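Here is the structure we will look at, set down as structure tokens.
The values are calculated or read from the model by the stated rules, or taken from the named source; none is laboratory data. Keep in mind that what you see is a predicted model, and the values were worked out from it rather than measured. Note that each Cβ is placed from the backbone with ideal geometry, even for glycine, and that neighbours are counted across all protein chains shown. Remember, those area values only see protein heavy atoms, side chains included, never the ligands or the DNA or RNA. Shrake-Rupley method; radii C 1.70, N 1.55, O 1.52, S 1.80 Å.
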Amino acid sequence: MSVLCFLHSCTQTSLHFKQMFVFPLTAFYSWESNVNNDSSTNLRQEKRQCFTIEPPAVSLRLSGEKDDVIEIASTDGYLYLNGSLDRENKAIHRLQVEALNVMGEKVKGPYSITINVQDINDNPPKFEKSKYYGAVWQNSHPGKPFLRVHATDRDDPTTPNAKLSYNILHHFPNPFKSMLFQIDNVTGAISTSELGSRLLNPQKQATFILVVTVKDLAGMSENALTSNIDVEITVKENIWKAPPKVSIKENSTEPHPISITQVQWNEPDAKYDLLQREWLPRFPFTIDQNGTIYVTEPLDREEKELYSFFATAKDNEGEELGRPLLILVQVEDINDNPPVCQNALTIFEVQENEGLGSNIGTLHATDMDKKNTLNSRLQFRIVDQNPKIPLDSLFIIQQEAGTFQLSSSSLNKQVASTYSVTVEVTDKVFTTLCDVKINVIDINDQIPIFEKSDYGNCTILEDTPEGEVILEIQATDADEPFTGSSQIIYQIEEGDQNKNFIIETDPQTNRGFVKISKALDFEMSSTYNLTVKAINPEPLVKGVQYNSSSTAYFRVVVVDANEGPVFSKNTYIADIFEDVPVGTLVMTVTANDPEGDQIRYTLKNNKRNWLEIDTVSGKIYTAAPLDREVEHDYRVQVTATEENKKSQSSTAIFMIHIKDVNDNPPRLAKGNHLFFCHPLRGGVKAEIQATDDDEQLYPPEFTFSLGGSENIKSDWEISRTDGKCVEKVIHI
């Protein structure tokens, strides 16, 4: 027979096993901890079970793994301790009990007793080392461990007594309120925090001392045992840095790929990759596993001048080791684009009386190479002129600017009215020829003359649309036709402060068309007295001036048009509760008539007749009870009509948002009657759902109860909050 006992370690306990030798019995015992490390303390006599000794047995004998601690009272069967047990030294004690006669001979047994010593938290955790040393790279990835501390606990590993929790108490120095380091409280893995990843700098502080503590009982009890350790951390300068901007000459003829720069992680075996910052249809860069970056094909600066992308370093599991590095590649310009004439043919005009050095115009050319560099610097030179009369070099061109000037004052339209000039444009590598045509025009010695000086009255309605021609005027110029000397521009000199009118010129006939450029308003101004002047775009020759012949007058008379009333708003919106009394004022709408006529208000589309309006004041009232459950946004049309013969009208929208009040009782969601199928066994359970027609801004809160007879109430119950109905009495 066997007896199994459980004892707490460091416990002094007296046990008594009682067994009738006639019937074998196996018994299991356990005791709450009665911890007392003083072995001299009186033993606590707690009787559990004993052996009843019957003749011929007169005493008991204990043998086995007693370790001089476990004894048995030979005459009364009590099992007791005369010292302390230590689970960490011996967790199980296997004993045997025998019954002896007066001669000391065995008459019964042996009987086996197994004592399992239960653990108590009597061992503090201990670190494996007396001090830890570690190194971390500057800007290392936050949360990635670079060092682990480890502690052990001799207590039972299957109990909370040996469950350990790590924590950083503080570190020295700590110039910030937040920790620069963090620790996994289960594994003891130490890593940089987000703050530390950004701010650790060996140039400022290269060494830190961390005070790490470990607690048993998972750190969840004030009675947990604790150990501390110092961890010395050295911050190493990060070599994972973005390289300087790389410069590459465009359209390189060297064999590709070409090495352009390199990145390197702090430790070997990193996996490198490139990440595009902006999507490109063709990404012309690659990286090898040494971190060397290559350009794979010639680049064109005119296509893209600056490339930006990221280089990444990852471990074998694909986790990023550090922040991606920004790589910048600048494509340097070379002179690979010729000058381009802005126009296939550039045309200038010059008056025949222009003096020596007068500017005629500027020839424009472009170069796609980089601006403000020698590659795009253009220089101009005249290489040909036709005809070559009266001189073969009537014109000069500014070498850098391309501006034409007269080199002689001997231009004569009767000798030559047109010159064709060829200009060479060069950027020192490429040359382009541009064609220029110079027209010699008559001097502007004639002024425009109006056909009449007064065009009288021009009467128009105030609602005449913008852009409509209201008057045509005409002036003539005796200078050469279709030149700047004979072209006429009409300007309104006086009478149009608000710019209500504009005059456009037909270039073929020099006829002027007076148009409305801005809506007229009779109430603002009913008459415009306009003064118009005719001028040329080319300046008059010295000694000639514009006079009264180039000036005309006319009056615009605006006739009042009957305009409809104007509302102060296009849409009126009001909020109102659905339970307001009939006759409640909701809002007042207003409209004004430009002519000052009286206005009458009416409602349209008032389909439910919930509203009415005062026809004189525009005040809108409720005319019937409102019901949000029928319609929560009620929209009508307000009409304002003049009280005159023409009865012009206008409309506006009036909308009310009807706000809810609690005016509807809850109801069953599936009708007023529910049917339950009653099984023979197991009872009935059902869920009753309710709803409410009022607005539900939040989940509805209903209270449920059962009505009916007392028998129903005694057999059934319902949850007050969720409507679950359960049968309390099961009928079979």
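Given a cut-off of 20 Å, what percent of all Cα-Cα pairs of segment 63-182 lie beyond it? Walk me through the intermediate numbers first.
Numbers: 4662 of 7140 pairs.
Percentage above 20 Å: 65.
Find the all-direction average of the projected area of the Cα convex hull for segment 122-265, expressing the result in square nanometres with one decimal place. The partial results should precede the final answer.
Details: hull surface 50.3 nm².
Averaged projected area of segment 122-265's Cα convex hull equals 12.6 nm².
So how much accessible area does residue 208 have, in Å² to the nearest 10, using a 1.4 Å probe?
Approximately 10 Å² of residue 208 is accessible to the 1.4 Å probe.
Given a 1.4 Å probe and the protein chains all in place, what does the accessible area of residue 103 round to, in Å² to the nearest 10?
140 Å²
Where a Cα-Cα gap under 15 Å defines reach, which aspartates and glutamates qualify for residue 607, not counting those fewer than 8 residues away within the same chain?
627, 631, 633
Taking the solvent-accessible surface of protein heavy atoms with a 1.4 Å probe, what is the per residue accessible area of segment 126-171 in Å²? Working shown, then result.
Details: 2590 Å² over 46 residues.
Heavy-atom SASA per residue in segment 126-171 reads 56 Å².
Between residue 499 and residue 340, how many nm apart are label points set 7 Å from Cα along the C-beta direction?
3.6 nm
Between segment 452-470 and segment 179-211, what is the separation of their alpha carbon centroids in Å?
Distance between centres, Cα-based: 84 Å.
When averaged across all projection directions, what area in nm² does the alpha-carbon convex hull of segment 464-558 cover?
Values: hull surface 25.4 nm².
With the hull built on Cα positions only, its mean projection is 6.4 nm².
What is the diffusion coefficient of segment 383-516 in µm²/s, taking the Kirkwood radius over Cα pairs and the Stokes-Einstein relation at 20 °C with a viscosity of 1.002 mPa s?
Working: Rh = 19.0 Å.
Reported coefficient: 113 µm²/s.
If I histogram all Cα-Cα distances within segment 185-336 using bins 10 Å wide from 0, what percent of pairs lands in each bin?
9, 28, 24, 17, 11, 7, 3, 1, 0
For the chain, with all protein chains present and a 1.4 Å probe, just round the carbon and sulfur fraction of the accessible area to a whole percent.
Numbers: 19860 of 40840 Å².
Carbon plus sulfur share of accessible area: 49 percent.
When N counts the residues of the chain, how does its alpha-carbon radius of gyration compare numerically with 2.2 N^0.38 Å, as a ratio? Walk me through the intermediate numbers first.
On the way: Rg = 53.3 Å, N = 732, 2.2 N^0.38 = 27.0 Å.
Expressed relative to 2.2 N^0.38 Å, the Cα Rg reads 1.98.
Taking all pairs of distinct Cα atoms, average 1/r, flip it, and tell me the Kirkwood hydrodynamic radius of segment 275-434 in Å to one decimal place. Can you show the working numbers first?
Numbers: mean 1/r = 0.0499 Å⁻¹.
Computed over Cα pairs of segment 275-434, the Kirkwood hydrodynamic radius comes out at 20.0 Å.
At 1.4 Å probe radius, can you tell me the per residue accessible area of segment 447-592 in Å²? Each step should come with its number before you reach the end.
Working: 7940 Å² over 146 residues.
Ligands and nucleic acids excluded, the result is 54 Å² per residue.
Quick check: pseudo-label points 7 Å beyond the Cα along Cα→Cβ at residue 617 and residue 135, how many nm apart are they?
Result: 9.0 nm between the two label points.
Which ³J(HN,Hα) values in Hz, rounded to whole numbers, follow from the phi angles of segment 131-148 under the Karplus curve 6.51 cos²θ - 1.76 cosθ + 1.60, where θ = phi - 60° and Gly and Pro get x?
Working through the residues one at a time gives 7, 10, 10, x, 9, 9, 7, 4, 6, 5, 5, x, x, 8, x, 10, 7, 10 Hz.
How much of the DSSP beta bridge set in the chain is antiparallel, as a percent to the nearest 5?
Numbers: 143 of 185 bridges.
Roughly 75 percent of the DSSP beta bridges within the chain come out antiparallel.
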